[in-house]
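What follows is a single structure, written as structure tokens, with notes after it.
The values are calculated or read from the model by the stated rules, or taken from the named source; none is laboratory data. This is a predicted model, so every value here is computed, not measured. All Cβ positions, even for glycine, are placed from backbone atoms using ideal geometry, and neighbour counts span all protein chains on display. Heads up: the accessible areas ignore ligands, DNA and RNA and are worked out on the full protein's heavy atoms, side chains in. Shrake-Rupley method; radii C 1.70, N 1.55, O 1.52, S 1.80 Å.
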Amino acid sequence: MKSTITQTIDNNADRFKAISSFIAANPELGHEEFQASARLTEELAYHGFQIERGVLDIPTSFIATYDSGKVGPVIAFLAEYDALPDLGHACGHHLICMMSIGAAIGLKSVLAETGGSIRVYGTPAEETKGAKVPMAAAGLFEDVDIALMAHPYYTYEKSGESLAMDAIQYEFFGRSAHAAAQPYEGINALDAVLQLFNSINALRQQIKSDARIHGIISEGGKAPNIIPDYAVAQFYVRSASRTYTNELVQKVLHCAEGAALQTGCTLKTSFYEYSYDELLTNETLSAVFTEQLFAMGIEPKDIEIGKDHGSLDLGNVSTQCPTIHPFVKVVDEKHMLHTKEFRDLAMQEPALNAMIFTAKALAYTAYEVLNSPELLSKIKAEFAAEKK
């Protein structure tokens, strides 16, 4: 039946490429992906999927479902389609969405024989306030048996790890004064921010090697002759586990409280983006995807061990159901994500061909799971053990 999947994807390849190219040429930031969401849902509806738009009141989100009418696993493919400020689709989300949608449409062609159902989750704003976070929190993946997506890159990597992350804002409130005439009347909020940075720099010696703390001063005053009465620092706090990230957040909070105490400022903390959990790759499912690549002609030497590429809102999904996030080669030159060079190459025909190739690999992986209750049981057993 894999030949049926192949033929279905190949027959629609030109359509898939055209949609991907349209999204690439019309980049939209997170939660503004109205054109992309419309094109993607139109394509899924054309192929018989039932569409729910505006999931959780997120206007550009969607869930597209195709049910075989027979009992079987729920297969989820995840689509991202937001762009980066100034760079456009330098992370290849125009490819990601059509890898997943192409795979879903390909898999649909054999679902009458295998049973089960397919869902495509349209998940806006991965680069900022990723929609997978509220979707996972609302339990929208709890009945999913496996969740799959793949990410464009300059090489192949097995599904690996990501860092749990909190995005925290520290606001310091002081009192303004003339910096030359009456500086002693002021309470310098910028001094508090600087103390916070110094304290975090001292803290770094005592944190685990997988942890990251990095931030900016987003507000530091208006003029050098005015003692700043308001200053703001924004930080990302990350580590390889949610547990340690929570611990680290408390340590950074103590640094901020100390800075407020030293300077006489008042402190307010808040989360300015969603918190991401670490990615829990299901190694059994990951091995199935890798086996499909081998069968499709990719040499074992060309597939690297999965690495940490920062933080993903997919991590929150991986706590709800078995999940993979491999990286696939779409460009022949070694250019990093979030660069103009990668963006430009990812819009060209070789990258679009790689997108079609990956859609097949994802669909084949899902087919293997649909076709083997024993394999699904093994995947679920690993997931249950990981969750303990």
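Simple spin-label estimate for N353 and K334 gives 2.3 nm between the two label positions (7 Å along the Cα-to-Cβ direction from each Cα). The overall shape of the stretch 177-300 is prolate: from the C-alpha gyration tensor, with semi-axes ordered a ≥ b ≥ c, the ratio a/c is 1.5 or greater and a/b exceeds b/c.
Each peptide in 204-217, 121-134, 94-107, 24-37 receives the mean, over its residues, of other Cβ atoms within 10 Å, and ordering these scores from highest gives 94-107, 121-134, 24-37, 204-217. Going by the alpha-carbon gyration tensor, a ≥ b ≥ c the square roots of its eigenvalues, is the stretch 336-388 rounded (a/c under 1.5) or, if a/c is not under 1.5, prolate (a/b greater than b/c) versus oblate? It is oblate, given that a/c is not under 1.5 and a/b is not larger than b/c. Simple point charges give the picture: +1 on the Cβ of Lys and Arg, -1 on the Cβ of Asp and Glu, and for the chain a dipole about the Cα centre of about 320 debye.
Count Lys and Arg as plus one, Asp and Glu as minus one, and take only other residues whose Cβ is under 13 Å from that of G258; the net charge is then -1.
Can you list the aspartates and glutamates whose alpha carbon is less than 14 Å from that of K17, not counting same-chain residues fewer than 8 positions off? Within the straight-line limit of under 14 Å, K17 reaches these aspartates and glutamates: E43, E349. Think of a 1.4 Å ball rolled over the protein heavy atoms: the chain then has 42 Å² of accessible area per residue.
As a length-normalised measure over Cα pairs under 8 Å and 6 or more apart, the relative contact order of the chain settles at 23 percent. Among the lysines of the stretch 198-349, pairs at least eight places apart or on separate chains and with Cα atoms under 24 Å apart come to 10.
Each listed q (0.11, 0.18, 0.19, 0.21 Å⁻¹) maps to a log10 I(q)/I(0) for the stretch 228-368 from the Debye sum over equal C-alpha point scatterers, namely -0.62, -1.13, -1.21, -1.34. For the stretch 82-234, the square roots a ≥ b ≥ c of the C-alpha gyration tensor eigenvalues yield an a/c of 1.5 or more together with a/b exceeding b/c, which makes the shape prolate. The calculated P(r) of the chain, using every Cα pair and 20 Å bins from 0, goes 27, 50, 19, 3, 0 in percent. Taking every alpha-carbon pair under 8 Å whose residues sit at least 6 apart, the stretch 204-285 reaches a relative contact order of 22 percent. Taking packing as the residue-averaged number of other Cβ atoms within 10 angstrom, the listed peptides 168-178, 242-252 run from highest to lowest as 168-178, 242-252.
Summary value for the stretch 321-388: 31 percent relative contact order, contacts being C-alpha pairs under 8 angstrom separated by 6+ residues. Placing dummy labels 7 Å off each Cα toward the beta-carbon, the span from E374 to Q50 is 3.4 nm. Other residues whose C-beta falls under 11 angstrom from the C-beta of P350 contribute a net charge of -2, scoring Lys and Arg +1 and Asp and Glu -1. Mean Kyte-Doolittle of at least -1.0 plus a Cα span of 15 Å or more along the axis: flag which DSSP H helices in the chain meet both, please. Passing helices, by number: 13-25, 34-46, 93-108, 189-203, 242-263, 283-295, 349-370, 373-387.
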